[in-house]
Amino acid sequence: MSAATRTVRRPATRETTSIKADICVLGAGISGVSAALEAAKLGRTVVLVDGAPALGGQAIGSIIGTIIGLYTHGPQPYQITHGIADDLIADLTEEGSIHRRESMTRTITFQYDEVRLGRWIERKVAAAGIHAIVGAIVTGVAFRDRRVRAIELATRFGSLRVEATGFVDASGDAALSYEAGLEVREPDSPVYGSLNFLIEGYDPDAAKDMVIKDVHERLAQRGGAYGLVRHDGFLMHFPGHDIMLANVTHFATPLDPLQSARMVVEGRDQADNVLRFLRTEFPSIFANARIRTYGNPGIRQTRWIVGRRQLTIDDIRKGDRPLDAAARCAWWVELHNAADLVHWERFEPDHVYYIPLACMTPSGADNIVTAGRCVDGDVEALSAVRVMGPCIAMGAAAAHALDLAGSNPVHQIDLTKFRERLRDNLDRRD
């Protein structure tokens, strides 16, 4: 073992490290990971960038905890998003890290262990030969003639420049489009986020008899005494793990560096108050409960692109299939626009609707495709398509659109070939 050291000083002139790829994906949440893995499968060289110190985005850091939107609703639900969703569910099921739930309304969701999902993502990205860059924040975008030429990134170890032919904006806040100087949308009124957390030390046997409706009623009656504003949400026990996922908080999610820092503290304060409420109001279950892990603030709708088309709530209600359909969806409108309750609009059984590619492509750019919660939709429509199932489908569609486009404008791709490639996510019903 050597104990030798050396003395260094920051160079007067710093060099920027450069890397080139066919496709650069900004944002390593579930939509960005889906895009990166699909692009790599197509034989493209891929760079995957995220500002967090690890891959997985909100699915991991915010402990979203449940995968929703993979199935239709109704008496005979069927899976509508495949791709990485198939491998993810199969692999995590085999190791006991995911639990399938089916509600009385035949809504199928999956509760997962975020640590195991995080490792699954890391292993898949590494095995695919994707160059992953974490802890990197966009500081500039080289944009000319309707194309992003490169993005500039700041890391704690120096500056980095990524050049690519095509870019996927899976940043959640439309960071690539915004920094490129393109038009973006922001909501006129708050869309609330949540800080999810894990509870341990409760009585799992007593929890089996817990009725979430009783918790909601008590929150409406007594929540204010504990400093709580939200009257709905869920508490979900993970069978065999003695861990409960809690999503019972609401707070504004500003696009401001100082206020966003305060948001973390506010979210954790609300989580502490939720636990205090549960210990006092439901002592037979939660008398000895404690918070095991706080997630990062979960952000729903903040900033999104102005696309060549905007998906509207009327489009979702009608369910018409456009020629440039990129993803198939069934999740309900789930709009968090009030502090106390979530606004739901549920559709008829087996209702399916579609996300057009035109809603995923900024109107002012030729080589950007967005995926996830920053695609173009009105506030209600976006609240339905931003969940994990459609995000996986949008990520895959973004990869195929850029692969077909090559160095040409993405909105000029052969839509027949595009639909054929995405047939599992558009037509499959097994």
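The values are calculated or read from the model by the stated rules, or taken from the named source; none is laboratory data. All figures in this text were calculated on a predicted structure; none of them were measured in a lab. With ideal geometry, Cβ positions are generated from the backbone for all residues, glycine too; neighbour counts draw on all protein chains shown. Note: areas computed on protein heavy atoms with side chains; ligands, DNA, RNA excluded. Shrake-Rupley method; radii C 1.70, N 1.55, O 1.52, S 1.80 Å.
If the reach is capped at under 28 angstrom between alpha carbons, list the lysines near K20, excluding any in the same chain fewer than eight residues apart.
Within reach: K41, K124, K417.
With the radius of gyration and the Kirkwood radius both derived from the Cα set of the range 161-244, what is their ratio Rg to Rh?
For the range 161-244, the value is 1.19.
Can you list residues from other chains, or at least 5 along the same chain, whose modelled amide H is less than 5 Å from the amide H of R185?
Residues meeting the amide H criterion: W304, I305, V306.
Under 12 Å from a label point 7 Å along Cα→Cβ of I291: give me every residue in the range 188-220 with its amide N that close.
Within reach of a label on I291: 195-200.
Averaged per residue, what accessible area in Å² does the range 279-430 show with a 1.4 Å probe, protein chains only?
In whole numbers, the range 279-430 has 37 Å² accessible per residue.
Using only Cα atoms, what is the ratio of the radius of gyration of the range 166-308 to 2.2 N^0.38 Å?
Working it through for the range 166-308, the quotient is 1.24.
What list of ³J(HN,Hα) couplings, whole Hz, do you get for the range 411-416 from phi and the Karplus terms 6.51, -1.76, 1.60, once you set θ to phi - 60° and write x for glycine and proline?
7, 10, 5, 6, 5, 5
For the range 273-430, what's the radius of gyration and Dmax over Cα atoms, in angstrom?
Here Rg and the maximum Cα pair distance are 19.2, 63 Å.
Between the range 329-349 and the range 171-185, what's the alpha-carbon centroid distance in Å?
26
Taking just the alpha-carbon atoms of the range 319-384, what radius of gyration and Dmax come out, in angstrom?
When restricted to the Cα atoms of the range 319-384, Rg and Dmax are 13.4, 41 Å.
Note down the magnitude of the dipole of the range 22-108 about its Cα centre, charges +1 on Lys and Arg C-beta and -1 on Asp and Glu C-beta and zero elsewhere, to the nearest 20 debye.
260
Using 0.36 nm times the number of residues separating A126 and R317, minus their current alpha carbon distance, what extension gain do you get?
64.7 nm
Which of the peptides 319-332, 350-363, 177-190 is most tightly packed, and how do the rest follow, judged by the mean count of other Cβ atoms within 10 Å per residue?
So the peptides 319-332, 350-363, 177-190, ranked by packing, come out 350-363, 319-332, 177-190.
Determine the gain in length on full extension of the stretch V8-E200; use 0.36 nm per residue of separation and subtract their C-alpha separation, reporting nm with one decimal.
Taking 0.36 nm per residue and subtracting the Cα distance, the gain is 64.4 nm.
For the chain, give me the percentage of DSSP beta bridges that are antiparallel, rounded to the nearest 5 percent.
Looking only at bridges with both residues in the chain, the antiparallel portion is about 70 percent.
If the chain between S189 and D242 were fully stretched, how many nm would it gain, using 0.36 nm times the residue separation less the Cα-Cα distance?
Length difference between fully extended and current span is 15.3 nm.
Give the average over all directions of the projected area of the C-alpha convex hull of the range 355-405, one decimal, in nm².
For the range 355-405, the mean projected area of the Cα convex hull comes to 3.2 nm².
Based only on Cα atoms, what Rg/Rh ratio does the range 34-136 have, Rh being taken as Kirkwood's radius?
1.00
Among G69, V168, I151, which residue has its Cα furthest toward the positive end of the charge dipole of the chain, with +1 on Lys/Arg Cβ and -1 on Asp/Glu Cβ?
I151
From the phi angles alone, apply the Karplus equation (6.51, -1.76, 1.60; θ = phi - 60°) to the range 39-47 and give each ³J(HN,Hα) in whole Hz, x where the residue is Gly or Pro.
Running phi through 6.51 cos²θ - 1.76 cosθ + 1.60 with θ = phi - 60° gives 5, 5, 5, 7, x, 7, 7, 10, 10 Hz.
Could you work out the mean projected area of the convex hull around the alpha carbons of the chain, in square nanometres to one decimal?
23.5
I need the P(r) histogram for the range 53-113: all alpha carbon pairs, bin width 10 Å from 0 out to the longest distance, whole percents.
Going from the shortest bin to the longest, the percentages are 21, 51, 25, 3, 0.
What size of dipole, in debye to the nearest 20, comes out for the chain about its Cα centre when the only charges are +1 on Lys and Arg C-beta atoms and -1 on Asp and Glu C-beta atoms?
1080
Suppose each label sits 7 Å from its Cα in the direction of the beta carbon; what would the E266-T155 distance come out to in nanometres?
Result: 3.3 nm between the two label points.
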